[in-house]
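Shown next, in structure tokens, is the structure this report addresses.
The values are calculated or read from the model by the stated rules, or taken from the named source; none is laboratory data. Keep in mind that this is a model prediction, so the values were computed, not measured. Because the Cβ atoms are built from the backbone with ideal geometry, glycine has one as well, and the counts that use them run over all protein chains shown. Just so you know, the surface numbers come from the protein's heavy atoms only, side chains and all, with ligands and any DNA or RNA stripped out. Shrake-Rupley method; radii C 1.70, N 1.55, O 1.52, S 1.80 Å.
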2 protein chains.
Amino acid sequence: MPYDLHIFPVFASLSPEHQKALAAIAGTKTYQAGQTIFQENDPGEGFYGIVRGRVKIYKSSPLGKEYILHIFGPGEIFAEVAVFAGKNFPANALCLEETKLLFFPRTQFRRLIAENPDLGLNLLGLLSMRLRQMVAKVEELSLKEVPARLAAHLLLIRDNLGRDLFELDLNKSQLAGYLGTVPETLSRVIRRMKEEGYIDIKGRQVNLLDVQGLEDLAGGSTRLQP
Amino acid sequence: MPYDLHIFPVFASLSPEHQKALAAIAGTKTYQAGQTIFQENDPGEGFYGIVRGRVKIYKSSPLGKEYILHIFGPGEIFAEVAVFAGKNFPANALCLEETKLLFFPRTQFRRLIAENPDLGLNLLGLLSMRLRQMVAKVEELSLKEVPARLAAHLLLIRDNLGRDLFELDLNKSQLAGYLGTVPETLSRVIRRMKEEGYIDIKGRQVNLLDVQGLEDLAGGSTRLQP
DNA sequence: CCTTGTGTTTGACTTAAGTCAAGGCATAAA
DNA sequence: TTTATGCCTTGACTTAAGTCAAACACAAGG
């Protein structure tokens, strides 16, 4: 086993046997600063995990301009998308400093998951879970204004209960924290949404008066009064 | 082939043969509003894709409180994380309306990728790619302030070129757009960062005067892990 | 030379939301 | 009843950033 896979978050929660199996097909490679790992259109023979160092992924245009897609550091894997899809590399990879890599050859990896489908399923599960988390985070971050976040939250509760009149199970301070704001702002937002006839709130009793309006608020439009 | 997999974004870019193979193991199930699909601790016999309708995923506490984890709609798949990991379901699933599902049984799915490892690799590639995109989006969204985004951008160029003095390849209006702001704001931010001694900019010539300060400004969020 | 156009900067204003400080209100404890 | 505590609201202020409009810079063409 050439290296400990624990440093790779994607592999960390695999079972010890699966980690062992993966480690068994991995080879180590060391590159100096400035060395190229692969170039655009090279066949994707395998993917890489960074043990130490940093790798720049970039494309260069015919005019010599270069466009940096990403810089990867320790614990990250790269080039797996092209390799998994069985394509040639779509970009170049170059080491920015002395870099130690693990190399997972495509054919061996392919054989591994053929012989050991549970490893494949587990990897799919891991990626799926991380994707879920990221999607949730993006949704949370992109509803940038408090009225939008509040509207989305109330509509979620409504969807769930199937009625427009319900009781919150958080107090307003907790709700503010959950929505990523402070109680004062939440208080003012609620007042405005009451004044404008979207909702009625007394204590924890919520009544949704204008569901369509709330949906607009939660959706594209970001303003209470356009 | 019970249903067209095109409506599922996760499967849409698989090759027609792979889609066919997947469709061949899928069965359809229809549920009425309020019906339970599975409950916490049920064995994960397979995962689901929603053709029509909506499904609520929730946990209930011993006190009867319920916590909604997610509501899925058409085109989304769910329960795949537990199924891939070979675990029991960690939550309950209930239909909010009349719902038509595709069911992919675990054992058949497992056999499918054992016999057809390229399908497994392609699925891994798809998830990997989508995860990449989401991670990029989160990074972009969480650097909320313009000075932080500008600092991170300049440091990325510096990392790449290995020097503190370089020339931008965008004009300031384009740069503003790239950073998700407007030229006026960028102009003011640059003036402030000049006054405060972080950088010097004349035309497209950039000189990074205080790299440590810029790193602090960028907030470490895009920077490399230690 | 002047004109025109594009990109840049500046000023004045507006909005969203956070902070700080001060009250208000209701329920539980004394 | 009074007091205290926790929660909620309100007001006054501050900051980041966007909009609108105007001024500026400078190069290219007439």
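Hey, among B:L168, B:L154, B:L126, which residue is within 16 Å of DNA strand C (Cβ to nearest atom) and touching a residue at least 60 places away in the same chain (Cβ under 8 Å)? I'd like the intermediate steps shown before the answer.
Values: B:L168 fails: touching a residue at least 60 places away in the same chain (Cβ under 8 Å); B:L126 fails: within 16 Å of DNA strand C (Cβ to nearest atom).
The conditions single out B:L154.
Is it the case that A:L179 is touching a residue at least 40 places away in the same chain (Cβ under 8 Å) and within 16 Å of DNA strand C (Cβ to nearest atom)? I'd like the intermediate steps shown before the answer.
Details: touching a residue at least 40 places away in the same chain (Cβ under 8 Å): no; within 16 Å of DNA strand C (Cβ to nearest atom): yes.
No; evaluated as a whole, the condition is false for this residue.
Looking only at residues in segment B:75-89 that are over 18 Å from A:S15 (Cβ atoms) and assigned to a loop (DSSP other than H, G, I, E, B), which one is most open to solvent (accessible area, probe 1.4 Å)?
Start the filter on segment B:75-89 by keeping residues that are over 18 Å from A:S15 (Cβ atoms), which leaves B:75-80, B:89.
Now drop any that are not assigned to a loop (DSSP other than H, G, I, E, B), which leaves B:75-76, B:79, B:89.
Values: B:G75: 12, B:E76: 71, B:A79: 19, B:F89: 9 Å².
For segment B:75-89, the residue satisfying everything is B:E76.
What are the residue pairs meeting all of these: first residue in segment A:65-93, first residue more than 7 Å from chain B (Cβ to nearest Cβ), second residue at pLDDT below 75 and assigned to a strand (DSSP E or B), Cβ atoms under 6 Å, and 6 or more apart or on different chains?
From residues that are more than 7 Å from chain B (Cβ to nearest Cβ), the pairs are A:E66/A:S60; A:Y67/A:K59; A:A91/A:K59; A:A91/A:L69.
Can you tell me how many residues in segment A:39-64 are at pLDDT below 80 and touching a strand residue (DSSP E or B) at 6+ places or on another chain (Cβ under 9 Å)? Spell out how you get there, then give the answer.
The first filter runs over segment A:39-64 and keeps only residues at pLDDT below 80, leaving A:58-64.
Still in the list and also touching a strand residue (DSSP E or B) at 6+ places or on another chain (Cβ under 9 Å): A:58-61.
Qualifying residue count, segment A:39-64: 4.
Which numbered condition in (1) facing another protein chain (nearest Cβ under 8 Å); (2) buried (at least 19 other Cβ atoms within 10 Å of the Cβ); (3) more than 26 Å from B:I57 (Cβ to Cβ) is the only one that A:A114 fails?
(2)
Name the one entry in A:L175, A:L161, A:L168 that is more than 12 Å from DNA strand D (Cβ to nearest atom), of a type outside the set (D, E) and closer than 30 Å to B:A93 by Cβ. Walk me through how you get there before you give the answer.
Numbers: A:L175 fails: more than 12 Å from DNA strand D (Cβ to nearest atom); A:L168 fails: more than 12 Å from DNA strand D (Cβ to nearest atom).
Every option except A:L161 fails the conditions.
Applying the selection to segment A:182-213, what residues are basic (K, R) and within 13 Å of DNA strand C (Cβ to nearest atom)? Walk me through how you get there before you give the answer.
Initially, segment A:182-213 is screened for residues basic (K, R), giving A:188, A:191-192, A:194, A:202, A:204.
Scanning segment A:182-213 gives A:R188, A:R191, A:R192, A:K202, A:R204.
Go through segment A:159-214 residue by residue and tally those that are farther than 23 Å from B:H70 by Cα, hydrophobic (A, V, I, L, M, F, W, C) and open to solvent by less than 60 Å² (accessible area, probe 1.4 Å).
So the answer is 6.
With respect to B:L217, determine if the residue is touching a Lys or Arg at 6+ places or on another chain (Cβ under 9 Å), more than 9 Å from DNA strand C (Cβ to nearest atom), in contact (Cβ under 8 Å) with a residue 12 or more places away in the chain and away from chain A (no Cβ under 14 Å). First the steps, then the outcome.
Values: touching a Lys or Arg at 6+ places or on another chain (Cβ under 9 Å): no; more than 9 Å from DNA strand C (Cβ to nearest atom): yes; in contact (Cβ under 8 Å) with a residue 12 or more places away in the chain: yes; away from chain A (no Cβ under 14 Å): yes.
No.
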